[in-house]
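Below: one structure, written as structure tokens.
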2 protein chains.
Amino acid sequence: MENKIPYKIYLNEDEIPTQWYNVRADMATKPAPLLNPATGLPLTQQELEPIFCSELCKQELDNDTKWFDIPEEIQDFYKLYRPSPLVRAYFLEKALGTPAKIYYKFEGNNTSGSHKLNSAIAQAYYAKKQGLKGVTTETGAGQWGTALSMACSFFGLDCQVYMVKCSYEQKPFRREVMRTYGAQVTPSPSLTTNVGRKILAEHPDTTGSLGCAISEAVEAAVSQEGYRYVLGSVLNQVLLHQTIIGLEAKAAMDKYGIKPDIVIGCAGGGSNLGGLVSPFIGEKLRGENDYRVIAVEPASCPSFTRGKFAYDFCDTGMICPLAKMYTLGSQFIPSANHAGGLRFHGMSTILSQLYHDGLMEARAVEQTEVFEAATQFARVEGVLPAPESSHAIRVAIDEALKCKETGEEKTILFGLTGTGYFDLYAYEKFNTGKMSDVIPSDSVLEESFAKLPKMK
Amino acid sequence: MENKIPYKIYLNEDEIPTQWYNVRADMATKPAPLLNPATGLPLTQQELEPIFCSELCKQELDNDTKWFDIPEEIQDFYKLYRPSPLVRAYFLEKALGTPAKIYYKFEGNNTSGSHKLNSAIAQAYYAKKQGLKGVTTETGAGQWGTALSMACSFFGLDCQVYMVKCSYEQKPFRREVMRTYGAQVTPSPSLTTNVGRKILAEHPDTTGSLGCAISEAVEAAVSQEGYRYVLGSVLNQVLLHQTIIGLEAKAAMDKYGIKPDIVIGCAGGGSNLGGLVSPFIGEKLRGENDYRVIAVEPASCPSFTRGKFAYDFCDTGMICPLAKMYTLGSQFIPSANHAGGLRFHGMSTILSQLYHDGLMEARAVEQTEVFEAATQFARVEGVLPAPESSHAIRVAIDEALKCKETGEEKTILFGLTGTGYFDLYAYEKFNTGKMSDVIPSDSVLEESFAKLPKMK
């Protein structure tokens, strides 16, 4: 077994990046602005500030500043769980019999279990700095809520999480982690908001939805003095914070003179994918280097591969701003795929523009083949991956197997966003042969596209 | 904030120890031998071999060889999750306002969630090398079973786990991780063994016990061609493998010129504690250095602090060998403490002898104060600790607070054996104020001591 490159490359603490990279600064075509659905005009800092922290609004709207300094307090917190390891998957390569060299950047070694903490701590920091009392958010699968609870606990901020009711009931352990970190977790829809009360009056037996939880969290933020709303994906600010992933991965590879041929990440709202690939795409945009970049999405929710590039609402409730993105339509309801973090109808506007401009490829994969890859990976590499992350594993394995056929020694880097310790119900389905997948028909998508907002 | 020592010290891959340390070689008084309950005579290699792998029997009986080479295949596997970080708990120090310097060796960054994998991979390796088909074991809380499943999957060995029925039902996720790694998990008592059938016939509604699961696993091992039984704690061989923890911790500290004043570990069967403290106690035994070493146990199962140093059965079923150890009596049933890994009536014979000879202290702590420490730690250090590990956190905090009173700048090292992701039911009890503890009365212990085997 080759031994020059260690199994795990850890940067030294003083090699952790101290700035986030804003890929928008290098984009010739900037991502389209968020629009106010009432006016159809781009949202201003002033319009955003009642909902989001001021500093985060600036980051959201800034298409020009290339590097943002990471505040020292955030750098200190990062040191609790970063640098995350860049792992050479020697055992997976051996199991596949491939000449490809496979690396993964592993973001699961923290209690939130995923990369979400990278942005949660940043958002909590800016809220604290602004003198706020607390923040509100929604959570589905629970990774974002957990990350935010940890971050708020660290800065002594109140944290109010609206958790989709069926998750609240099916994932009591996720809920309990949040509570241990001092968060108030409310099953959504709830009686604590107008929108929640309205929905419960109309649908007393509903088990909730992410769209509804978002609406409740936003209402809770704007109706309490000293609160703001925070979001774990999709937004430009979130992608900015998540570039710590790609910057670290690149620094670790550079240290050993490794250049990936292919960079692969799973795509839901785009926070992990954008964070991982931004520094690589930046080099493409600047003409310094070339990489193949592949976004992997579930076949049950194929925003990139089957969506339309159009302005659409970010939420089912149609109260959030309009974003120009690859979308399946805000009224599209994906089937109950176990990768809850990838069940979003739209996509980051940055990534949408990059994809539209041919800087990325995309691939949709089915759930069962994803879990086959997850299980193979777990058995040889030791890490039990999250269903979301396993989408990237699937395509990394597929690409490595192509190398086996062609004999090419390609270098593959993929993002392993998190662990599957709270997803064992999904593994049980797979282990007992009860897993299936529902891929939307063309007519279902056409029907959904027909409901896209009509733009002037 | 002091910054010379990084938050996390990772050894380089080539600095990971390549030998295990056998503290018995440095002990003036060796641990008493295991006795055959039928003959009252020390067990021989020949008597052990039908149950345990040959190489492991040798390690079990060898009181003289000071260093055992770690086979290359095991070293390779270690690199999947080792070196584990030695963390400087800067944020905990700050929260406590203590002049003490607190370090913890964190063994939770692997899918089994604990240090158990260090020995599981060694035991699986020797089984494979001996040409066996598989191994059997029991598991209660599930950490050991998970670790063994991962290790067996890696070497392509069959893995049969007897899981205490109430855990099997209450911890379906633990069961599912094992199944994902290809293990056969059977709720115990089961109809697959004579002893299981007998118990079920007598007690059809029993929810099982660790003692019963051990009996089933041993029967399954000896009644199948090509199988042996493996155990995750208590045994000398297990402590030997676990010295990788202490050796790494010591190497990391030496690298930065740090010398701990106090070394703290939680104590159940002794695998983590023995692994962490052996290299430090070795220096004490050789007169090279002095350290305070503190074993922490639950007040509900206080083997060291209230037990007798006597020969006793290792299992409730009284079929296993007799070991001379600190014991509460094999018939003692500890209350339903949430630190399942610490609910063992006895203790490693090595640690028992060291404690008897005054080389270690011991302290018993109550469950609620343990969870208070766990929650405080989680909120400032980010890691959600296992209930077992939190016993060590409790005493580390107590010692740090003493330093605050006296102004002493002591250096404290403790073992953080694992994460609490599968223990959230316990956290829920604590978070909702429903946690209590049952400390055995003197008369209960006297009654149990009266049943200790009469030795000639």
- Measuring with a 1.4 Å probe in the full set of protein chains, what accessible area per residue, in whole Å², belongs to the stretch A:85-127? 15
- Which pairs, out of B:LYS324/B:LYS451; A:LYS8/A:LYS66; A:LYS79/A:LYS129; A:LYS66/A:LYS410; B:LYS255/B:LYS284; A:LYS429/B:LYS198, put more than 24 Å between their alpha-carbon atoms? A:LYS8/A:LYS66; A:LYS66/A:LYS410; A:LYS429/B:LYS198
- Taking every residue in A:74-86, how many Cβ atoms of other protein chains lie within 10 Å of its Cβ, on average? 3
- Averaged over peptide B:172-179, how many Cβ atoms belonging to another chain are found within 10 Å of each residue's Cβ? 5
- Note on the structure: Under the rule rounded for a/c under 1.5, else prolate if a/b exceeds b/c, else oblate, using alpha carbon gyration tensor axes a ≥ b ≥ c, the stretch A:97-164 is classed as prolate
- Long-range tail of P(r) for the stretch A:315-456 (Cα pairs > 20 Å, %): 57
- Item | Sparse-neighbour loop sites [trypsin sites (Lys or Arg not before Pro); the stretch B:371-438; at most 15 other C-beta within 10 Å; DSSP] | B:LYS434
- Highest to lowest packing among A:46-56, B:167-177, scored as the average C-beta count within 10 Å: B:167-177, A:46-56
- Task: Can you find, among A:GLY340, A:SER436, B:TYR104, the residue farthest towards the positive end of the dipole of the protein assembly as shown? Put +1 on the C-beta of Lys and Arg, -1 on that of Asp and Glu.
- Result: A:SER436
- Hull surface over four for the Cα convex hull of the stretch A:117-231, reported in nm², is 6.1
- Ignoring ligands, DNA and RNA, what percent of the accessible area of chain B is carbon or sulfur (1.4 Å)? 51
- For the stretch B:313-456, what is the accessible area per residue in Å² when the probe is 1.4 Å? 38
- Task: Check each of the trypsin sites (Lys or Arg not before Pro) in the stretch B:212-303 and keep only those in coil by DSSP with at most 15 other C-beta atoms within 10 angstrom; list them in order.
- Result: B:ARG286
- Task: Could you list the chymotrypsin sites (Phe, Trp or Tyr not before Pro) in the stretch A:236-321 that lie in coil according to DSSP, counting only those with at most 15 other Cβ atoms within 10 Å of their Cβ?
- Result: A:TYR256
- Kirkwood Rh, angstrom, the protein assembly as shown [1 / mean 1/r, Cα pairs]: 28.4
- Task: Set the Förster radius R0 to 30 Å, insert the Cβ-Cβ distance between B:LYS402 and B:LYS66 as r into 1/(1 + (r/R0)^6), and round the FRET efficiency to 0.05.
- Result: 0.30
- Task: List the distances, in nm to one decimal, from the label point of B:ASP357 to the label points of the same position in every other copy, shortest first, placing each label point 7 Å from Cα along the Cα-to-Cβ direction.
- Result: 7.1
- Query: If one computes the Cα centroid of the stretch A:199-232 and of the stretch A:115-167, what distance in Å separates the two points?
  - Reply: 15
- Task: Could I have the simple spin-label model distance between B:GLU202 and B:ALA450, label points 7 Å from Cα toward Cβ, reported in nm to one decimal?
- Result: 2.1
- Taking both sides together, what accessible area is buried at the B/A interface, probe 1.4 Å, expressed in Å² and rounded to the nearest 100? 4100
- Label-to-label distances across copies for A:ILE333, with labels 7 Å out along Cα→Cβ, in nm, shortest first? 4.9
- Could you pull the copy-to-copy label distances for B:ARG286, with points set 7 Å along Cα to Cβ, in nm to one decimal and sorted shortest first? 5.2
- Query: Non-local amide H neighbours of A:GLU361 (under 5 Å, H modeled in plane, Pro and chain starts lacking H): which ones?
  - Reply: A:VAL293, A:ILE294, A:ALA295
- Note on the structure: Applying the span-like rule to chain B (DSSP H, Cα extent along axis at least 24 Å, Kyte-Doolittle mean at least -1.0) gives B:236-255, B:387-406
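The values are calculated or read from the model by the stated rules, or taken from the named source; none is laboratory data. Bear in mind the structure is a predicted one, so any value in this text is a computation, not a measurement. As a convention, Cβ positions derive from the backbone with ideal geometry for all residues, glycine included, and neighbour counts pool all protein chains shown. Note: accessible area is taken over every heavy atom of the protein model, side chains too, but ligands, DNA and RNA are not part of it. Shrake-Rupley method; radii C 1.70, N 1.55, O 1.52, S 1.80 Å.
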